[in-house]
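S.K.: Have a look at this one.
What follows draws every value from the coordinates through simple rules; no lab data is involved. No experiment lies behind these values; they were computed from the predicted model shown. Ideal geometry is used to build each Cβ from the backbone, glycine not excepted, and the neighbour counts take in all protein chains shown.
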Amino acid sequence: MPENTAAANTDQIAYWNDAAGRSWAELQDLLDTQIEPIGRPALDGLALESGEAVIDVGCGCGQTTLALGQRVGPSGRAVGADISQPMLEIARRRAAGAPQVSFLEADAQTHAFGSAEFDAVYSRFGVMFFEDPVSAFANLRRALKPGGRLAFVCWRTPAENPIMTLPMQAAGPHLPPPEPMTPGAPGPFAFADPERVETILGAAGYADVAVRPQDMVAGGNTVEGATTLALRVGPLGRMLRENPQAAPAVIEAIRDVFLERARPDGRVFLDSATWVVTARNP
C-alpha cells in the first residue's frame, strides 16, 4: 500500500489495484487515443515554463506526466502520483530516458509532497475520486508555491457525455438496471456540478477559481478498439462479469452502435463535455 493511505480512499485504492487498474494498464494506448485531446487544453492553460516543477494527480500510465515533463524540460521536474501499482509500472517503463519525470505510488489526498515546492498541479480525470476532496485539494495547495497554479479537466453530467454513456445505453436492454449514482460520490461524475467544484476549491484555500465548459468530439479508435474499451473500462465490465450470459448480446449491441457512428475511415468519435478548472494558490 502506498504511503499515508490507510485512513483515506481505501475503496478507491482497492479498486484501482484490482481489475480496473489492470485493464487501464493493458489498454493504455486505446485510452490515450480517446482522452488525450480532452486533457490538452487544461495542460496548455498551465503555461508551464522550462525549469518549473509540476505534480500530475492521478497520472495513470504516465502519458500526461511525460507531456508535462516535455514542457518543463530537463531542468524541470514532473512528478506523477497515482494509487494504481499496475498503471505505475507502465508509466515508469514509458518514462525511461526522461530523467525529469518520476512517479509516486501515493494518494494525493494525504501524501506529503513538501511545502511550497511546486509551481503547478495538473490532472486529467484524476481528481474526482477523493473521499474528502476539500482535504485533498488543501493538501495539494500546501505543495504549491505562493502564486502556484492548478488546472484540471473533469467530466460534466452523464447526459452530456455519449463518449462515456453510449455503450451502457446500448447494453441496457440486455442487463439488469445499474445501481443509481449518488450525486457527489467519488467517481467519474463527482464534479459534474460546477458550483460544487467552486465551493470545494474555495474551502481548500484557492483563489481565482474558474470553471469553464469544454465541448469536444473525441475518440479516434477503431470500432473494435472502441468496443474493447467499452467492455473493459468502467461499470459495464463489472456488470458483464456478474452477468456473463448477457455477454454475446451486449458485445453485438455495442459493436453495432459504434458501427453506426463510425466515420468513413472506420474510426469512432463521440461528443464529450467537460469542465476545465483553473485556480491559484494565493
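S.K.: Could you size up the charge dipole of the chain around its Cα centre, putting +1 on the beta carbon of Lys and Arg and -1 on that of Asp and Glu, and report it in debye to the nearest 20? Each step should come with its number before you reach the end.
M.R.: Working: 23 positive and 33 negative charges, 84 e Å.
The dipole magnitude comes to about 400 debye.
S.K.: Please list 3J(HN,Hα) in residue order for the range 63-70, calculated via the Karplus relation 6.51 cos²θ - 1.76 cosθ + 1.60 where θ = phi - 60°; whole Hz, with x for glycine and proline.
M.R.: 4, 5, 5, 5, 5, 5, x, 5
S.K.: What relative contact order, as a whole-number percentage, does the chain give when Cα pairs under 8 Å and 6 or more residues apart are counted?
M.R.: The value is 21 percent.
S.K.: Please turn the phi angles of the range 110-122 into ³J(HN,Hα) values with the Karplus equation 6.51 cos²θ - 1.76 cosθ + 1.60 (θ = phi - 60°), one per residue in order, whole Hz, x for glycine and proline.
M.R.: 10, 5, 7, 7, x, 10, 6, 9, 10, 8, 7, 10, 10
S.K.: Restricting to DSSP H runs of at least four residues, report the calculated mean residue ellipticity at 222 nm for the chain, -39500 (n - 2.57) per run over all residues, nearest 500 deg cm²/dmol.
M.R.: It lands at -12500 deg cm²/dmol.
S.K.: Something else now. Which label belongs to the value computed from this structure, given these candidates for log10 I(q)/I(0) by the Debye sum over Cα atoms at q = 0.09, 0.13, 0.14, 0.17 Å⁻¹: [x] -0.41, -0.87, -1.01, -1.46; [y] -0.57, -0.93, -1.03, -1.29; [z] -0.46, -0.96, -1.11, -1.49?
M.R.: [x]
S.K.: Could you order peptides 130-143, 197-210 by the average number of other Cβ atoms within 10 Å of their residues, highest first?
M.R.: Ranking, from highest mean packing down: 130-143, 197-210.
S.K.: Report the antiparallel proportion of the DSSP beta bridges in the chain as a percent, rounded to a multiple of 5.
M.R.: The antiparallel fraction comes to roughly 50 percent.
S.K.: Give me a comma-separated list of calculated 3J(HN,Hα) values for the range 169-178, in order, Karplus coefficients 6.51, -1.76, 1.60 applied at θ = phi - 60°, integers in Hz, x for any Gly or Pro.
M.R.: Here the 3J(HN,Hα) series is 5, 5, 7, x, x, 9, 10, x, x, x Hz.
S.K.: Please list, ordered by chain and number, the residues whose modelled amide H lies under 5 Å from the amide H of residue 104; skip anything fewer than 5 residues away on the same chain.
M.R.: The list, which skips near neighbours in sequence, is 80, 81, 82.
S.K.: Please list the non-local residues whose amide H lies under 5 Å from the amide H of residue 129, H modeled 1.01 Å from N, same-chain partners needing a gap of 5 or more.
M.R.: Long-range HN contacts for residue 129: 187.
S.K.: Another question, if that's okay. Under 5 Å between amide H atoms, partner at least 5 residues away or on a different chain: which partners does residue 204 have, H built in plane at 1.01 Å?
M.R.: Those qualifying (amide H under 5 Å, at least 5 residues apart or on another chain) number zero.
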